[in-house]
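First comes the structure, then the notes that go with it.
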Amino acid sequence: MKNNMRVLRAIKNITQAELSELIQVSRQTINTIESGKYVPSTVLALKMAKVFNVPVEEIFELEPED
C-alpha cells in the first residue's frame with residue numbers, strides 16, 4: 001500500500017511527532033506507516049484523514065496486484 005503522508009505532512013507543516021500527538025500514537029508508528037512497513041487500522045486511517053482534511057483515499061492507495 002502506498003501513502004502520501006510525507007507530502008501531506010509537509011503541506012500542513014507538521015512533524016511526525018506532532019501528527020502522532022494529534023492521532024494519539026507513537027512517532028515510531030507514524031514512521032513505520034510512512035515507510036510502508038505498517039498498514040494502519042481503519043480507525044487510525046480515518047483519524048489521519050480528519051487531521052489532513054482529505055478523504056482516506058487521498059492518503060492511502062492500494063498497489064496493483066501481480
Checklist entry - For segment 8-58, what is the relative contact order in percent, using Cα pairs closer than 8 Å and at least 6 residues apart in sequence? => result 29 percent
Checklist entry - In nm, to one decimal, how far is the V7 label point from the L46 one, both placed 7 Å along Cα→Cβ? => result 2.5 nm
Checklist entry - Mean Kyte-Doolittle of at least 1.6 and a Cα length of 24 Å or more along the axis: which whole DSSP H helices of the chain meet both? => result none
Checklist entry - If you work out Cα extents along the principal axes in Å from the coordinates, which of [x] 36, 22, 21; [y] 34, 30, 29; [z] 62, 20, 18 do you get? => result [x]
Checklist entry - Among residues other than I23 whose Cβ falls under 14 Å from its Cβ, what is the net charge (Lys/Arg +1, Asp/Glu -1)? => result +2
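Every number here is computed from the coordinates shown, using simple stated rules; none is lab data. Nothing here was measured: the structure is a model prediction, and the numbers come from that model. We place every Cβ from the backbone using ideal geometry, glycine too, and count neighbours over all the protein chains shown.
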